[in-house]
1. Sorting check: for 525-538, 249-262, 395-408, which peptide has the highest mean count of neighbouring beta carbons within 10 Å, and how do the rest follow?
2. When only DSSP loop residues count, what chymotrypsin sites (Phe, Trp or Tyr not before Pro) in the range 532-575 have their Cβ near at most 14 other Cβ atoms within 10 Å?
3. Report the accessible area of W514, computed with a 1.4 Å probe over the heavy atoms of all protein chains in place, in Å² rounded to the nearest 10.
4. From the phi angles alone, apply the Karplus equation (6.51, -1.76, 1.60; θ = phi - 60°) to the range 149-159 and give each ³J(HN,Hα) in whole Hz, x where the residue is Gly or Pro.
5. Quick one: Karplus J couplings for the range 336-343, per residue in order, coefficients 6.51, -1.76, 1.60, θ = phi - 60°, nearest Hz, x for Gly and Pro?
6. Would the chain count as rounded, prolate or oblate if I go by the C-alpha gyration tensor, calling it rounded below 1.5 in a/c and otherwise prolate when a/b exceeds b/c, oblate otherwise?
7. How would you classify the range 501-540 from its alpha-carbon gyration tensor, with a ≥ b ≥ c the square roots of the eigenvalues: rounded for a/c under 1.5, else prolate if a/b is greater than b/c, otherwise oblate?
8. For the range 393-474, which GluC sites (Glu not before Pro) pass both filters: DSSP loop (anything but H, G, I, E, B) and at most 12 other C-beta atoms within 10 Å?
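The values are calculated or read from the model by the stated rules, or taken from the named source; none is laboratory data. For clarity, every value in this text was computed on a predicted model and none was experimentally measured. In this analysis, Cβ positions are derived from the backbone assuming ideal geometry, glycine residues included, and neighbour counts consider all displayed protein chains. All accessible areas refer to the heavy atoms of the entire protein, side chains included, with ligands and DNA or RNA removed. Shrake-Rupley method; radii C 1.70, N 1.55, O 1.52, S 1.80 Å.
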Amino acid sequence: MADTLVHRRLAAIAVADVVGYSRMMEADEAGTLALLKDRRTAILEPVVKAHGGRIVKLMGDGVLIEFASAVNAVKAALELQGKFAEANDALPEARRIVLRIGINLGDVIGEGSDIYGDGVNIAARLEGLAEPGGVCISAKVQEEVRGKIEAEFADIGEQTLKNITLPVRAYSTHPGQSATVAAAPVSGKPSIAVLPFTNMSGDPEQQYFSDGITEDIITELSRFRSLLVIARNSTFQFRDKAGDVRRIGAALGARYVVEGSVRKMGGRIRITAQLIDAAHGNHLWSERFDRSLEDLFEVQDEVTQTIVATVTGRLEDAEIKGAALRRTDSLPAYDCLLRGVELLRGYGAGDNTRAREMFERAIGLDPDFALAQAYLALSLMVENHYGQAPPAIKDRALDIALTAVRLDPRDSLCHRFLGQVYRFRGEFDPAISHMERSLKLNPNDADGIAGFGGLLAVAGRPAEGIDLTRRAMQLNPYHPEHYWGALAIALYADRRYEECLQANQKIRAGKHHWQMARTAACLVQLGRLDEARDVAAEVLQLKPDFSLRAEMPRYKYEADAAHVLEAMRKAGLPE
């Protein structure tokens, strides 16, 4: 018998599927199918076509795509993830279509319009390793795209894939994860990430409590100069996402990962914690604490000190004792603080006001609670729009922030929030002094570093502001978008207009009138006056009463303010 001719070819294969598809279908089958169909027509098909790809087949919530080029496959995957994220912005969490994408370069067998073989199977297995909204590629693909795509790929090690004989080295990335902000260690120190502790209380309303304990452990670990601690904003991206700790560690740039759970039962609390070497997946330490709720702070100290001692190998007694700060002896006051912090991070109507009320309640329970005083000062500025706050509010916030520092001069947040109050009062020298003191007390505070970078950007030291903000981005690879805003302000002040424009475009959480005004100023400086005027018109459409004098951030030097105002006037924005 003559051998049947098998048609083989080398191809870059992308496999994508929808995260939580079964849950979405159960909740709203018709709506989910309609939304998925719209995404395929509006995003998937045009992006695949633009990059020279071919949709081989649709598989329920998944799709198999073939490309002739690995570079095109990865570019298409990143563009897909970026556009899906943009399309999700206006949707509630439960209706968002989020993809995982896996890409492999290998030999495939063609049969009609279909393809199959190990090249396809590996891509499908890599898709299962990808983070929601992320892309996972094989080493073969990484070799092909290295230096050809502006993206940073985290090595997540060799992976044993189902029904694949040999291990496959894999790499992960996300849209917008460029070399300047990639999750990678920024020093020779041991790097550690504390994942959100699981709320085991059976009551979703207690989530704030387990989050607060997690954040306190992060804060205490951050005080140790011997460690590099990944910021809360980045580690909380992995809440409720089951995954290989090695992959999570690689995505965060962390050698060690801490995970655990919290169960509050009446007057007792159970905390479990374990420390894992993320490079190899080995457990280094684990413990369960069953204590009275009154012993909560002692448990936090013990967890923190054990982790530091295990990771660094040794720790001086003085450093251990110095890290254990007694913030309050009142558990109700501590509970109010945690509730207030959760509200202050929210975006709901009235959240800022309710946060302030929680901090006031905490102070009523314990007037010497320094951190509650500091958060109250900050909440007053947030509630009253920072620099636009009335003078009486600014005076009250300053008095409260000064009280916080007097009560606990060694708490970094007290100094950071006092520095912010001074900044929005236009008092730059004391603002810089307290921000510097904050970072000496907690050198791993990414939000503090970004805040200091933003302060220096308007205080006549933009080059330092750029360096600090980029450092914050490295410590916090999944940082909030206001980091890009701080970087854009510093880049503009340093006359780096093209880079400023790029940083501005990274802000994707909806248009903000001041961000757009800054874009218009950049376009003027680049000689693109018609474009600048179009953007200025959008600003006035978004906020008809926009006024440069009313909206203008405060600068230390008049020449720096004039540098911004003159360009915005040329764009057509009103005084």
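1. Values: 525-538: 16.4, 249-262: 23.7, 395-408: 19.4.
Result, highest mean first: 249-262, 395-408, 525-538.
2. Numbers: sites: F546, Y555, Y557; in loops: F546, Y555, Y557.
Qualifying residues, ordered by number: Y557.
3. 30 Å²
4. My calculation for the range 149-159 gives 10, 7, 8, 10, 10, 8, 6, 9, x, 6, 10 Hz in order.
5. Ordered by residue, 3J(HN,Hα) equals 4, 4, 4, 5, x, 4, 4, 5 Hz.
6. On the way: a/c = 1.94, a/b = 1.27, b/c = 1.52.
Because a/c hits 1.5 or more and a/b fails to exceed b/c, the chain counts as oblate.
7. Values: a/c = 2.51, a/b = 1.33, b/c = 1.89.
Oblate shape, in that a/c is at least 1.5 and b/c is the bigger or equal ratio.
8. Numbers: sites: E427, E436, E464; in loops: E427.
Nothing satisfies the criteria.
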